[in-house]
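Student: Structure below; questions to follow.
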Amino acid sequence: MSIIIIEFVVYCVAIMGIGYFFSRKSETHSDFLLGGKKLPGWALAFSERATGESAWLLLGYTGFVFMSGLSGIWVAAGIATGIIFAWLFLAKKFMRETDKYGVLTLPDYLAARFSEKANTIRWLSTLLIAGFLMFYVGAQMAGAGKMLFTTFDMPPVTGVVLSTIVIIAIAFAGGFISVVWTDMIQSVMMLITLVVLPIVALIYINTNDLSISQSLADAGSSFNSWFGGLTGFAIGVLFFNNFSWFFGFLGGQPQLSARFMALKNDKEAKQGSIVAIIWTVLAYSGAFMIGICAITMYSQGSFADVEIILPTMILELMPPWIAGILLAGVLAAIITTADSQLMVVTSSVSEDIINKSMGIDLTEKQLIWVSRISVIFFGLIGMTIALVSESLLYLVVSWAWAGVGCTLSPAILMAFFWKRYSGAGVIATILAGLISTVVWISTPLESIITSKFTTFFIAAFFGIIFSLLMPDKEQKLSGDKTEEAL
């Protein structure tokens, strides 16, 4: 156990050292929030994937597969499809729109694109992002507490506090540039964990003459069916509930879209898409197999909390020096996502509210310090949420995914591809997504069909209706000229 502790300490010190080294490259507010468009595409791709796949993937999803069996594949299918779609069809569009409007954040883009309602859009989108992403950050810190409890029998509260210190230190030091480069290293660590562990688990299963197919059958009638043993309409509900993660990847996750906005050119975007797609296929295949192997190695009911399955398997299957490296991959997932989400909340407050909406005249250095103070403030809020929340990682992240990703995704898609989308439509999209998510997850409706599916279409519906009823002035003038010509 001592060697694992040493590796953890070395890892955390190294990551904070890397963050400090790159902090010296953040000279302007643009550098602090978006890297000044100086980062290579492959590094942004690694960062985007590490940010997108948090403790949710390593702890939440592996536990979900353990509890559901083969039908858990549809979550991976939905997410992988969304990631591939975003990199192939949205990344370059984000890059070009960022250059066109000279913006640093997702709310700032929507505000600049629909300038008639700019301030309202900034305030609403910032409220949406800060409100939901703070629960997402809290979920990462709670994941750290679970992992350190499983690994070292450390009190979860201590684990949450220690992880918070590391997370805040990296984001505070150098902002976006520090986060991306530390993400890149941690993304590799995560991938090693997700590729190596299932291979070792399969060797263990084969060596001990265990049967995956028999174990799936013994676990329950639904475990060895790709559709959970369901028929008819129930299959459609299962498919949409699991595949619905797809909708949150369509441009609406600001912590992911920031990586697209930071791309320099088409060549870097193509390079990034290749790296991201390969990473996704390897990581999700590995995470799914970890859950399936766990069904074979452990009986249902073996765990009071199924989200500690992955660290348990690492400790049981690996020699201590390798276990320390792989468990660092779990900590990497937590740190990368929490850092990126902190940066999104910070940028929304410092850039969209203080700098743009309130128009407070600050120097570059003052804006950077406002951002750094925001990092500490919101980091402590996330820690508080982690300490008082008893919700599972899978559920908390799922709700945040609906509230932010599935609300802003239709707004981004319509802003990119529908000329008649208006400022009123953006406001209606955000309000409809926010309200419908809160209402949906607070009622039994969530157990019938997920809010990740309903939020996207409810937000899109109201966005379309209000855009048609309340077009922007430019659209009205264009329509009037067309009628005159006719």
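The values are calculated or read from the model by the stated rules, or taken from the named source; none is laboratory data. The model shown is predicted, which means the values in this text are computed figures rather than measured ones. All Cβ positions, even for glycine, are placed from backbone atoms using ideal geometry, and neighbour counts span all protein chains on display. Remember, those area values only see protein heavy atoms, side chains included, never the ligands or the DNA or RNA. Shrake-Rupley method; radii C 1.70, N 1.55, O 1.52, S 1.80 Å.
Student: Can you pull the one-decimal nm distance between simple spin-label points at Ile165 and Ile274, each 7 Å off the Cα toward Cβ?
Tutor: Spacing of the two 7 Å Cα→Cβ label points: 4.2 nm.
Student: Can you pull the one-decimal nm distance between simple spin-label points at Thr384 and Ile203, each 7 Å off the Cα toward Cβ?
Tutor: Once both label points are built, they end up 4.8 nm from each other.
Student: Something else: Taking the stretch 393-467, which chymotrypsin sites (Phe, Trp or Tyr not before Pro) meet the DSSP loop condition and have no more than 15 other C-beta atoms within 10 Å?
Tutor: Here the sparse-neighbourhood loop sites are Trp418.
Student: How long is the gain from Lys267 to Phe21 if the chain were fully straight, where each residue apart is worth 0.36 nm and the alpha carbon distance is subtracted?
Tutor: Separation in residues times 0.36 nm, less the Cα-Cα distance, equals 85.8 nm.
Student: So between Trp418 and Met358, what do we pick up on full extension, going 0.36 nm a residue minus the alpha carbon distance?
Tutor: Gain on extension, Trp418 to Met358, equals 18.6 nm.
Student: Write down the accessible area per residue of the stretch 229-305 in Å², having rolled a 1.4 Å probe over the full set of protein chains.
Tutor: Roughly 36 Å² per residue, with all protein chains present.
Student: Further, regarding this structure: Taking square-rooted eigenvalues a ≥ b ≥ c of the alpha carbon gyration tensor, is the stretch 310-357 rounded, prolate or oblate, where a/c under 1.5 means rounded and, failing that, a/b exceeding b/c means prolate?
Tutor: Prolate.
Student: So, one more: Show me, for the stretch 204-219, the HN-Hα J-couplings you get by feeding each phi into the Karplus relation (A = 6.51, B = -1.76, C = 1.60, θ = phi - 60°), rounded to Hz, glycine and proline as x.
Tutor: Listing the rounded values in order: 4, 4, 5, 5, 9, 6, 8, 10, 5, 5, 5, 5, 5, 5, 5, 5 Hz.
Student: Here's a follow-up. Which three extents, in whole angstrom, do the alpha-carbon atoms of the stretch 53-166 cover along their principal axes, largest first?
Tutor: Cα spread of the stretch 53-166 along its principal axes, largest to smallest: 54, 35, 20 Å.
Student: Which FRET efficiency value, to the nearest 0.05, do you get for Lys100 and Val10 by plugging their Cβ-Cβ distance into 1/(1 + (r/R0)^6) with R0 = 35 Å?
Tutor: Result of the calculation: an efficiency of 0.20.
Student: Computing the accessible area with a 1.4 Å probe over protein heavy atoms, can you report the carbon and sulfur percentage for the chain?
Tutor: 69
Student: Which FRET efficiency value, to the nearest 0.05, do you get for Met154 and Thr81 by plugging their Cβ-Cβ distance into 1/(1 + (r/R0)^6) with R0 = 60 Å?
Tutor: With R0 = 60 Å, the Cβ-Cβ based efficiency is 0.95.
Student: Which whole-number percent is the relative contact order of the chain (Cα, under 8 Å, 6+ apart)?
Tutor: 31
Student: Return the FRET efficiency for the residue pair Lys38, Ser221: r is the Cβ-Cβ distance, R0 is 41 Å, and the value is rounded to the nearest 0.05.
Tutor: After rounding to 0.05, the efficiency reads 0.15.
Student: Also: Structure shown: which of Lys100/Lys473; Lys37/Lys267; Lys117/Lys356; Lys93/Lys452 lie over 19 Å apart, alpha-carbon to alpha-carbon?
Tutor: With Cα atoms farther than 19 Å apart: Lys100/Lys473; Lys93/Lys452.
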